Every structure is written in C-alpha cells, then in structure tokens.
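After the structure tokens below, expect a handful of questions from me.
The values are calculated or read from the model by the stated rules, or taken from the named source; none is laboratory data. No experiment lies behind these values; they were computed from the predicted model shown. Note that each Cβ is placed from the backbone with ideal geometry, even for glycine, and that neighbours are counted across all protein chains shown. What goes into the accessible areas is simple: the full protein's heavy atoms, side chains included, and nothing from ligands, DNA or RNA. Shrake-Rupley method; radii C 1.70, N 1.55, O 1.52, S 1.80 Å.
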There are 2 protein chains.
Amino acid sequence: MKVYIEPIGRLINEFSKLPGVGAKTAQRFAYKVINMSETEAKGFAEAIISAKKNVHYCKVCGNFSEGEICDVCKVRSSDTICVVKEPKDVIAIEKLNEYNGVYHVLHGTISPLDGIGPDDINIKGLLARIAEAGGSVKEVIMATNPDVEGEATAMYITNLIKPLGIKVSRLAHGLPIGTDLEYADEVSLARAFVDRKTL
Amino acid sequence: MKVYIEPIGRLINEFSKLPGVGAKTAQRFAYKVINMSETEAKGFAEAIISAKKNVHYCKVCGNFSEGEICDVCKVRSSDTICVVKEPKDVIAIEKLNEYNGVYHVLHGTISPLDGIGPDDINIKGLLARIAEAGGSVKEVIMATNPDVEGEATAMYITNLIKPLGIKVSRLAHGLPIGTDLEYADEVSLARAFVDRKTL
C-alpha cells in the first residue's frame, strides 16, 4: 500500500518543487497546511494564484509591477539608471533606502557558455530608454553580480554607453564590512588592494 | 515606498508561516512561484486546497484518511494495535514495511505542564476499540516518542490495559544503529546497558 494518501502525497510533491526543499521538509510543510484552518489554507492558495496573476513586469524598466509601469518608474527622476540582472536585485537595493534613481532589469547576463548573447537580455531596451530621454540620463550604474557573467555584461554595456558621453559606474568591490582580513577570499582582498582609496 | 508590491509581499508572508521558513527563504519561494507557469501555480494552489479539504481523520484509529475509515483499518487485522502520538508517526512506521497491524493515533501526549490530561487525548477511543473487539486484540504496542511526555503516556495506558490481560509492549530504546559509542548520548547509552540482550 502507498504510504501517503493522495491529497497529502500531491501536496508534498508540490512543495518539493520549491528551491532547497527536500522530501522531509516538504512533508513538514504539508502537515502544517493540513493543520491550518480552512480560511488560512484558502488564503495561502489565493496568495499563490494572485502572485502569478498580478505580478507583471514594468514596460519601462522590467521590474516587478502590478500595473503597466512600476512604482519606481512612476515617481522617480530618470537621471540615474541602475542596471541589474533580475527583479529581485531591485528589491535588495530598495531595502537599503540609499538609491533614489530608476532601474533597468536585464533579465539575465551575457553567458556564452549557456548560449546567452547580448540580444537575449534586455540591453536594447536600455539603449532605447537612453535615446528617448534625449540627453537627460546623467549616469548609468552597473550593478550586475560580481561574477564572470556579471563583469562581462557590465563591460559590454559600458562600451556601448560610454561613447554617448554618459558617466558609467560600477559598484565597488573589496572587503565586505565586518570580515577578518585573514578569512577574506583572495579575489576580494586583491581587489581591495587594487581599488584602495586615498585618505 | 514599500519594497514589495502587494501580491509578492502577501505571498512571502504566507510562505513565512511554514515551519523553519524565514524572510529570506520565503522570498526565494515567492520568486519561484512567480517564475512558474500559470498551470504549475494553479496546480500548487489546488493541492493546498485539496489537502485541506480531502484529508480527514479515520473514525476508527484517528489516522489521516480520505474517507471515513482509513486504508489501514479497512484491510488489516486488528490483533495488534500500535499506539502513536500523531498521524505522521503512522507514516514513519508504514515506510518501514515491517509492521502489519493497525494503529491508534492519540493526537497528543499527556503533558500536565501544558494542561493536557488523559481526557484531552484519544485514550477513551482506544479502550472502546479494545472492548468492542471482545478479546480479539492480542497486543498493544506503545510507540509514543521516547521523551518525558511519551513515556508518561505509555505508562498511563499500560496501567489501564494490562489488567485486561492484553500483552503491552514498548518500542526498544538503546543505541541508534551506526553511531559511535563515544558520541552516543548518555541517556541512550545508559538504557542500552539496562536493556542489554543475552546472546
């Protein structure tokens, strides 16, 4: 006989699809749902449907948005554009409350090994935005990840934008705050030397 | 401005209710749902609703069941009854493919500190089953957890059933298979000495 009755087995299977969730964790999640009140379970299910249905991408910047244009693009000046790989990077930066400009989400990075070239990510959209703005864009901040693909993408875009006379910057690399020199990874430590600041 | 748009914030909030899921993990889960196809997301939501709606408790033993009586009670002989704390313990034992009798789920253990007395868990149901069976029950296996509440509950039920002339047994305690003596916890090691077997 089978160990799980069908509705439990099915729910465990669905939870297993979530990142980092194995059989045991999926089982715990399923038990939790079974012990929820009917209202709670319904709310959970509706939140999934609603997220799938109501989360779109902003027509201008590619960020998560409920409407055609996201809340950031609606209210902020587009003097400065921060280029990121994914919508979740926008959320990470927004949480800082440091940055006041707009974003541009590439939805990927150039990665020849995975067959992703410059035309497969939203670089054209960025160039179109800059052209449409007619000289009002003052700075483009490259905030792609500090890995091989992120660096390559940043370089590629920089080479396209710099000739337009727009300032292009890259997030600083170096030692993370709070680390011990002894335990810092070698690449970051080396970068911290190269990019050292005059005091 | 808020960091998350409403449908994402809501979904993250729902995922945070799952056991062991913090804000960061809930966020990862939410991104995963947003990247699912519409069909996948719908299937996920339906599995939650279905589990809540179609998982009931067996009228006889208290195990998870789709119908009034669970698959175990339907087909197995009730000579031997294995008493467990929760329905998930039934699943843990069923996975072994070792046990062929029926179960009785207490839905809790006696815990005076939490205000849970013998009348708050399903002990009456067990006694009624034994009485109804009219002497056909040969053995009751106490498979509550090896902790204070589990031991107390096992003792309490044993004292009620033993006078009826039914064999009552308890799962063996001792060293888990595969451990090093050096690293075994003291209580288990002590129990392994007390309950040592003649070879």
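Taking residue A:96 in one copy and the same position in all the others, each labelled 7 Å out along Cα→Cβ, what are the pairwise distances from the first, in nm, shortest first?
Here residue A:96 shows inter-copy label distances of 5.5 nm.
While we're here: What ranking of B:119, A:120 comes out by heavy-atom accessible area, probe 1.4 Å, highest first?
So the residues, ranked largest to smallest area, are B:119, A:120.
While we're on this one: Let me cross-check residue B:37: its accessible surface, 1.4 Å probe, with only protein heavy atoms counted, in Å² to the nearest 10?
50 Å²
If you don't mind, there's one more thing I want to ask. Give the value in nm², to one decimal: projected area of the alpha carbon convex hull of segment B:46-146, averaged over all directions.
Quarter of the Cα hull surface area: 7.6 nm².
Inside 10 Å of the C-beta atoms of B:18-26, what's the mean count of C-beta atoms belonging to other chains?
3
Leaving ligands, DNA and RNA out of it, work out the accessible area of residue B:64 with a 1.4 Å probe and give it in Å² to the nearest 10.
20 Å²
Mind listing the label-point distances from residue A:159 to the same position on all other copies, shortest first, one decimal in nm, points 7 Å along Cα→Cβ?
Those label-point separations list as 8.3 nm.
Evaluate the relative contact order of segment B:33-76 (contact order divided by residue number), counting alpha-carbon pairs under 8 angstrom at least 6 apart; express in whole percent.
Result for segment B:33-76 is 21 percent.
Also, quick follow-up: Which chain A residue sits with its beta carbon nearest the axis carrying A onto B, and how many Å away is it, rounded to a whole number?
A:45, 2
Then there's this: For chain A, the longest stretch holding no GluC sites (Glu not before Pro) located in a DSSP loop with at most 12 other Cβ atoms within 10 Å is which?
A:99-199
Follow-up. Within the set A:17/B:53; A:53/A:124; A:32/B:53; A:24/A:88, which residue pairs have Cα atoms separated by over 24 Å?
A:53/A:124; A:24/A:88, as the Cα separations exceed 24 Å there.
For chain B, count all C-alpha to C-alpha pairs, find those more than 26 Å apart, and express that count as a whole percent of the total.
Of the Cα pairs, 52 percent sit more than 26 Å apart.
At a probe size of 1.4 Å, how large is the accessible area of residue B:24, to the nearest 10 Å²?
Number for this one is 150 Å².
Volume per residue, Å³, of the convex hull around the alpha-carbon atoms of the protein assembly as shown?
Spread over its residues, the Cα hull of the protein assembly as shown gives 236 Å³ apiece.
Placing +1 at every Lys and Arg Cβ and -1 at every Asp and Glu Cβ, with all other atoms neutral, what dipole size does chain A have around its Cα centre, in debye to the nearest 20?
Here chain A has a charge dipole of around 320 debye.
Would you mind computing, in nm to one decimal, how far apart the modelled labels at residue A:148 and residue B:95 are, each placed 7 Å from Cα along Cα→Cβ?
For residue A:148 paired with residue B:95, the spin-label model returns 3.9 nm.
Peptide A:48-61: average number of partner chain Cβ atoms within 10 Å per residue?
That works out to 6 on average.
Suppose accessible area is computed on protein heavy atoms with a 1.4 Å probe; arrange B:179, B:39, A:109 from highest to lowest.
The most accessible residue leads, giving B:39, B:179, A:109.
While we're here: For residue B:172, what charge total do you get from the other residues with a beta carbon under 12 Å from its beta carbon, if Lys and Arg give +1 and Asp and Glu give -1?
Net of charged neighbours comes to +3.
Would you look at the GNM of chain B, springs on alpha carbons closer than 10 Å, and say which of B:17, B:88, B:74 moves the most?
Largest GNM mean-square fluctuation: B:17.
Taking 41 Å as R0, compute the FRET efficiency from the Cβ-Cβ separation of residue B:169 and residue A:17 and round it to 0.05.
Efficiency computed from Cβ-Cβ geometry: 0.50.
A follow-up question, please. Mind ranking A:57, B:31, A:4 by accessible surface for me, highest first, 1.4 Å probe?
A:57, A:4, B:31
May I pose another question? At a threshold of 8 angstrom on Cα-Cα distance, excluding pairs fewer than six apart, so keeping six or more, what relative contact order does segment A:18-161 reach in percent?
19 percent
I would also like to ask the following. List the distances, in nm to one decimal, from the label point of residue A:173 to the label points of the same position in every other copy, shortest first, placing each label point 7 Å from Cα along the Cα-to-Cβ direction.
Copy-to-copy label distances for residue A:173: 5.7 nm.
Per the helix-only calculation at 222 nm, which mean residue ellipticity applies to chain A, given -39500 (n - 2.57) for every DSSP H run of n ≥ 4 and division by its residues, nearest 500 deg cm²/dmol?
The helix-only estimate for chain A comes to -13500 deg cm²/dmol at 222 nm.
When chain A is modelled as a GNM with alpha-carbon springs shorter than 10 Å, which of A:80, A:25, A:144 fluctuates the most?
Among A:80, A:25, A:144, the largest GNM mean-square fluctuation belongs to A:25.
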